[in-house]
Amino acid sequence: MTETVVLLGGESEEREISIQSGRNIAEALKTAGIEADVYDWDPSRMQDFLGKGYRRVFIALHGGSGENGTVQAMLDLAGVAYTGVRMRAASICMDKLLSKTIVSKRTDVPVPGCVTLGVREAREMLSRADHDWREVIEAVGLPMIVKPARNGSSVGVTLVERASEIDGAVRAACLSDDEIVMFEQYIRGHELTVAMLNGKALGVCQIIPKNKFYDYDAKYNRDDTEYLTPSSLGEAFDRELCARAEKVACALDCMSGVVRIDFLADESLESYFLEVNTVPGMTSHSLVPKIARYAGYEFPELCRMILEMAH
Ligand SMILES: Nc1ncnc2c1ncn2[C@@H]1O[C@H](COP(=O)(O)OP(=O)(O)O)[C@@H](O)[C@H]1O
Ligand SMILES: [Mg+2]
């Protein structure tokens with residue numbers, strides 16, 4: 001029987017992208033001479049999945065239980081090897097507030113200033129007729145970004161330019177009862193991402209969205225977003241960004257498999273850590289395969305190397 005499986009699909013909003021990533025990975029493994037099944041992940045059929053007796057899992061699940069540490073915890077308990085970061089790192093990176101806090105405590109990499117409110121406090125604030133956001137504005141300034149700490153795909157993220165827009169932005173960020181609303185200093189300038197393989201930076205991609213920020217529309221609907229590898233900001237800039245990404249990966253224990261670390265750089269080219277994606281897209285349009293190819297790794301070779309690190 002086949003002992004390797006690519007876990008794809010799942011229950012999150014990114015299900016369709018995950019199916020594309022997973023199929024692409026299975027095909028690449030085949031090219032690299034490794035037979036792998038694909039399995040459409042459904043949390044309610046956990047017993048069925050474990051009953052198949054796979055010994056190595058290539059996790060290609062984006063968002064939800066496949067990226068927040070839950071699937072990783074299940075595989076840990078079942079004693080099955082899996083690709084990518086461990087359960088604890090996955091769950092920390094799913095939380096932008098927690099991961100930022102750890103990076104700012106453990107490294108010298110800058111993070112955007114921010115204040116936070118639990119959803120309950122935020123809703124209570126909105127319900128008070130005489131509320132205002134003066135303290136928040138004093139702390140982070142305007143414009144600011146209002147976003148949920150635990151969601152992805154830019155869902156619930158708003159660029160706020162005027163105080164009068166904060167109420168609406170907070171409502172949009174209150175996606176669930178256990179969310180945390182982040183009010184973040186707005187970094188105007190450049191959007192960048194670094195692809196990492198086993199804790200080493202492969203290279204940088206600069207993202208140039210035609211919208212005001214890299215929102216859901218720019219990520220999934222528009223085809224006019226520009227992607228540049230290497231960035232247009234110069235070799236020294238990319239080198240420094242890669243060094244910062246390696247510090248972040250080490251601080252957050254993202255040292256196995258591929259992860260993608262997002263940064264923003266301001267107009268003076270100071271770069272700020274934004275978030276880690278622990279199961280980044282691996283479709284034919286995704287950024288990790290593109291950066292890896294620039295670094296000299298064809299996709300089948302990249303997938304083989306990731307699988308080899310499964311433990
Ligand atoms: N502090 C910020 N300053 C400027 N733009 C931001 C900031 N935070 C988020 N953004 C914009 O919103 C996008 C999505 O935010 P991000 O924190 O990466 O959440 P997601 O998990 O939804 O991708 C970013 O890619 C960026 O374009
Ligand atoms: Mg992001």
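Data for the structure
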| read-out | value |
| --- | --- |
| Pairs with Cβ under 7 Å, 6+ apart, first in segment 269-287 and closer than 23 Å to Glu184 by Cα, second polar (S, T, N, Q) | Glu275/Ser99; Val276/Ser99 |
| Any hit, segment 109-121, residues being free of Cβ contacts under 8 Å to residues at least 60 places away in the same chain and not basic (Lys, Arg) | yes |
| Single condition Thr158 does not satisfy, out of (1) within 16 Å of ligand 2 (Cβ to nearest atom); (2) in contact (Cβ under 8 Å) with a residue 60 or more places away in the chain | (2) |
| Subset of segment 228-238 (residues that are surrounded by fewer than 15 Cβ atoms within 10 Å (Cβ to Cβ) and within 16 Å of ligand 1 (Cβ to nearest atom)) | Leu228 |
| Which listed residue is surrounded by 23 or more Cβ atoms within 10 Å (Cβ to Cβ), free of Cβ contacts under 8 Å to residues at least 60 places away in the same chain and away from ligand 1 (no atom under 14 Å from the Cβ), from Leu252, Leu241, Leu302 | Leu241 |
| Segment 67-97, subset in a helix (DSSP H, G or I) and touching a Leu at 6+ places or on another chain (Cβ under 7 Å), residue surrounded by the fewest Cβ atoms within 10 Å (Cβ to Cβ) | Ala78 |
| Hey, Asp266 charged (D, E, K, R), surrounded by fewer than 22 Cβ atoms within 10 Å (Cβ to Cβ) and within 16 Å of ligand 1 (Cβ to nearest atom) or not | yes |
| Segment 272-282, subset closer than 27 Å to Met309 by Cβ and not β-branched (Val, Ile, Thr), residue farthest from ligand 1 (Cβ to nearest atom) | Met282 |
| Qualifying residue in segment 211-220 (condition: surrounded by fewer than 21 Cβ atoms within 10 Å (Cβ to Cβ), assigned by TED's automatic domain parsing to the domain that holds Asp266, among the charged types (D, E, K, R) and more than 16 Å from the chain's Cα centre (by Cα)) | yes |
| Residue count for segment 1-43, restricted to those that are within 20 Å of Asp76 (Cβ to Cβ) and in a helix (DSSP H, G or I) | 1 |
| Any hit, segment 160-169, residues being within 28 Å of Ala292 (Cα to Cα) and part of a strand (DSSP E or B) | no |
| Residue that is surrounded by the most Cβ atoms within 10 Å (Cβ to Cβ), among those in segment 156-194 that are of a type in the set (Val, Ile, Thr) and under 16 Å from Pro209 (Cβ atoms) | Thr193 |
| Residue among Ala122, Ala81, Ala89, Ala129 that is more than 16 Å from ligand 2 (Cβ to nearest atom), within 25 Å of Gly63 (Cα to Cα) and at pLDDT below 95 | Ala122 |
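Matching residues to (1) outside the structural domain of Lys100 (by TED's automatic domain parsing); (2) out of contact with any strand residue (DSSP E or B) (no Cβ under 6 Å at 6 or more places or on another chain); (3) within 14 Å of ligand 1 (Cβ to nearest atom); (4) charged (D, E, K, R):
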residue	(1), (2), (3), (4)
Trp133	yes, yes, no, no
Leu142	yes, yes, yes, no
Ile145	yes, no, yes, no
Asp167	yes, yes, no, yes
Ala173	yes, no, yes, no
Val181	yes, no, yes, no
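The values are calculated or read from the model by the stated rules, or taken from the named source; none is laboratory data. Since the structure is predicted, the reported quantities are computational estimates derived from the model, not experimental observations. Cβ sites come from the backbone with ideal geometry, for glycine too, and all protein chains shown count toward neighbours.
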